[in-house]
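Asker: Following this message is one structure expressed as structure tokens.
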Amino acid sequence: MPATSPVTVPLHALPANFRVRALRWGAAFSHCTYFEPNDLEYPHGAFERLLAVAAAGNRSPDSLADLSGLLATETPRFGFLTYDLKNDIEALQSANFAGFTWPRLHFFTPETWLVWRADTLEIHGQTDGILEQILAQPVPPAAVPAVPVLRPRLPKADYLRAVEAIREDILNGEVYELNLCQEFYAENVTLSPVEVFWQLMQASPAPFAGFVRWHEHFLLCASPERFLSHHDGRLVSQPIKGTIRRGATPAADEQQRQTLLHDEKERAENLMIVDLVRNDLARVARTGTVRVPELFGLYPFRHLWQMISTVTADLRPGISLAEILRATFPMGSMTGAPKIRAMQLIEHYESSRRGLYSGSIGYVGADGSFDFNVVIRSLQYRQDTGYLSFQVGSAITYDSDPEREYEECLLKARALLEVLGTSIA
């Protein structure tokens with residue numbers, strides 16, 4: 001991110017819990033985003049560690065048409081894209097239950113933003129007294145949140161029937177693959193979003209994690225997946241399709257890895273989404289530059305092995321961020337293929353709007369660089385109403401077994417339930 005006469009502080013001069021203090025300070029603002037790579041190695045790199053804040057009233061675009069002009073300044077922008085941005089891109093609509101009222105997209109101009117470098121911290125924008133305010137933040141002892149048993153918006157029996165119906169749709173040629181998601185929720189919950197976020201980082205460290213506050217809405221995200229990045233003219237997308245539980249011993253873990261590597265269903269899912277991403281990127285890429293440098297890569301996370309592929313392309317000159325998003329959003333790993341028909345069927349089979357889940361959070365530099373994740377493994381929370389939920393999903397193909405797909409959803413929910421200290425009804 002570009003520097004604008006920042007205040008620079010050596011990291012060794014800061015307390016070990018400085019990041020905890022910084023996020024407590026930042027979360028008091030109406031607009032706050034924090035990106036946490038958890039010091040994890042990742043092909044093409046993880047998120048930069050950044051914190052940006054702004055007070056209420058900060059202007060933000062509310063459509064893709066407004067996006068490019070607002071971003072053409074010397075200040076970086078921070079924000080998010082919700083899944084329902086699809087309705088601005090295609091002739092789609094959403095009528096399912098919505099527990100949240102996120103705007104379809106939001107990118108705010110930071111008043112102050114912090115950039116963590118290898119050995120230093122940079123404080124940009126309004127810098128007077130910021131370091132002192134952060135260091136003065138109290139750090140209360142961690143406490144397990146009091147969260148009731150979570151209820152499914154889509155009962156298990158209905159989920160199993162939906163999987164069978166989707167298999168019939170696939171047989172009839174409607175789609176090749178569909179990502180079916182379900183919501184688990186609780187009401188009238190009181191919790192500390194900052195404390196729960198750090199507990200989630202302990203339970204499930206991820207390279208594309210982040211914390212968002214938009215007024216009374218919060219997102220606590222432990223995502224392992226990159227949606228799309230752009231640096232020096234190169235686009236990179238890294239869809240995840242393929243999941244298996246980690247083994248309890250090194251030998252069992254390697255056996256699980258080999259099982260995933262040779263699972264024909266998981267490989268087929270991954271390949272279908274890679275083809276979709278290749279087609280999306282080709283719409284904004286220089287002719288002949290779309291490449292797949294890694295197919296079926298296997299990467300270990302705290303609870304899971306994930307199958308990750310990498311697709312790259314050289315961006316055509318003169319293409320705006322809005323045009324890139326129109327070509328690529330939503331990400332194929334969260335829809336299925338073909339994308340438009342999959343999204344129509346998603347609205348039919350799911351019972352909740354996804355909100356920020358399966359959308360994206362990210363940052364955009366003044367030089368046109370950007371990095372966006374896929375919002376999965378995440379909690380959404382409204383502090384004003386106490387509504388708390390998470391969503392999980394899996395890719396349905398004709399070979400899908402409904403019970404196995406349901407178990408994959410619960411596996412992806414494991415860290416979230418652990419952090420909340422609760423279970424599913």
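Asker: Which listed residue (ALA142, ASN172, TYR159) has the Cα farthest towards the positive end of the charge dipole for segment 139-179, taking +1 on Lys and Arg C-beta and -1 on Asp and Glu C-beta about the Cα centre?
Answerer: In segment 139-179, that residue is ALA142.
Asker: Still on this structure: Go ahead and run the numbers for FRET between GLN93 and ASN172, Cβ-Cβ distance against an R0 of 30 Å, rounding to 0.05.
Answerer: Plugging the Cβ-Cβ distance into 1/(1 + (r/R0)^6) gives 0.85.
Asker: Can you give me the % of accessible surface on the chain that is carbon or sulfur? Probe 1.4 Å, all protein chains present, nothing else counted.
Answerer: Ligands and nucleic acids excluded, carbon and sulfur give 50 percent.
Asker: For LYS265 and THR8, FRET efficiency with R0 = 45 Å and r from the beta-carbon atoms, rounded to 0.05?
Answerer: Between THR8 and LYS265 the formula returns 0.30.
Asker: Just the accessible area per residue of the chain, please: how many Å² with a 1.4 Å probe?
Answerer: With all protein chains present, the chain gives 38 Å² per residue.
Asker: Between beta-carbons, use under 14 Å as the cut-off and find the net charge around LEU11, counting Lys and Arg +1, Asp and Glu -1.
Answerer: My count for the surroundings of LEU11 gives +1.
Asker: Pairs of Cα atoms under 8 Å, at least six residues apart: use those to get the relative contact order of the chain, whole percent.
Answerer: Relative contact order of the chain: 25 percent.
Asker: Here is a further query. Indicate the helices, whole DSSP H runs only, in the chain that combine a mean Kyte-Doolittle hydropathy of -1.0 or more with a Cα extent along their long axis of 18 angstrom or more.
Answerer: 156-171, 264-282, 402-420
Asker: For LEU304, enumerate residues with amide H under 5 Å from its amide H, sequence gap 5+ or separate chain, H modeled in the peptide plane.
Answerer: HN-HN under 5 Å from LEU304: ARG246.
Asker: In nm, to one decimal, how far is the ASP66 label point from the HIS215 one, both placed 7 Å along Cα→Cβ?
Answerer: With each label placed 7 Å out from Cα toward Cβ, I get 1.3 nm.
Asker: Right, something else. In whole Å, what are the extents of segment 295-425 along the principal axes defined by its C-alpha atoms, from largest to smallest?
Answerer: Sorted largest first, the three principal extents are 52, 43, 34 Å.
Asker: Also, I was wondering about something else. With Cβ to Cβ distances under 13 Å as the rule, what net charge do the other residues near LEU304 carry (K, R +1; D, E -1)?
Answerer: With Lys, Arg at +1 and Asp, Glu at -1, the net is +3.
Asker: Using the crude model of +1 on Lys and Arg Cβ and -1 on Asp and Glu Cβ, and no other charge, please compute the dipole size for segment 211-295 relative to its Cα centre, in debye to 20.
Answerer: Charge dipole of segment 211-295: 240 debye, to the nearest 20.
Asker: What FRET efficiency comes out for ARG404 versus ASP119 if R0 is 45 angstrom and r is the Cβ-Cβ distance? Round to the nearest 0.05.
Answerer: 0.45
Asker: So, one more: For segment 42-50, just list the computed ³J(HN,Hα) in residue order, Karplus coefficients 6.51, -1.76 and 1.60, θ = phi - 60°, integers in Hz, with x standing in for Gly and Pro.
Answerer: 7, x, 6, x, 9, 4, 6, 8, 9
Asker: Rounded, prolate or oblate, given the Cα gyration tensor of segment 147-292, with a/c below 1.5 counting as rounded?
Answerer: Because its axes are fairly even, with a/c under 1.5, segment 147-292 counts as rounded.
Asker: For every helix of n ≥ 4 consecutive DSSP H residues, a contribution of -39,500 (n - 2.57) applies; sum these over the chain, divide by its total residues, and give [θ] at 222 nm rounded to the nearest 500 deg cm²/dmol.
Answerer: Only helices count here, giving -9000 deg cm²/dmol.
Asker: Find, among the trypsin sites (Lys or Arg not before Pro) in segment 38-104, those assigned to loop by DSSP (not H, G, I, E, B) with at most 14 other beta-carbon atoms within 10 angstrom.
Answerer: The qualifying sites are ARG59.
Asker: If you put +1 on each Lys and Arg Cβ and -1 on each Asp and Glu Cβ, how big is the dipole of the chain around its Cα centre, in Debye rounded to 20?
Answerer: 200 debye
Asker: Please give me the summed charge of the neighbours of THR289: other residues whose Cβ is under 12 Å from its Cβ, Lys and Arg +1, Asp and Glu -1.
Answerer: Surrounding charge for THR289 is +4.
Asker: Which entry in (1) 22.6; (2) 24.1; (3) 21.9 matches Kirkwood radius over Cα pairs in Å derived from the coordinates of this structure?
Answerer: Comparing each candidate, only (3) matches the computed number.
Asker: With a/c under 1.5 counting as rounded, go ahead and sort segment 23-70 into rounded, prolate or oblate using the C-alpha gyration tensor (a ≥ b ≥ c being the square roots of the eigenvalues; past the cut-off, prolate if a/b is larger than b/c, else oblate).
Answerer: Oblate shape, in that a/c is at least 1.5 and b/c is the bigger or equal ratio.
Asker: Among THR190, THR249, THR127, which one shows the biggest mean-square fluctuation in a GNM of the chain, springs joining Cα atoms closer than 10 Å?
Answerer: Maximum among the listed residues: THR249.
Asker: Under a plain spin-label model, where a point goes 7 Å from the Cα along Cα-to-Cβ, how far apart in nm are GLU132 and GLU254?
Answerer: Reported label-point gap for GLU132 and GLU254 is 5.8 nm.
Asker: Which of the three applies to segment 340-383, rounded, prolate or oblate, going by the alpha-carbon gyration tensor with a ≥ b ≥ c and a/c under 1.5 meaning rounded?
Answerer: Oblate shape, in that a/c is at least 1.5 and b/c is the bigger or equal ratio.
The values are calculated or read from the model by the stated rules, or taken from the named source; none is laboratory data. Model, not experiment: these values are computed from the prediction. A quick note on method: Cβ atoms are made from the backbone with ideal geometry, for glycine too, and the neighbour counts reach across all protein chains shown. With ligands, DNA and RNA removed, areas are computed over all heavy atoms of the protein, side chains included. Shrake-Rupley method; radii C 1.70, N 1.55, O 1.52, S 1.80 Å.
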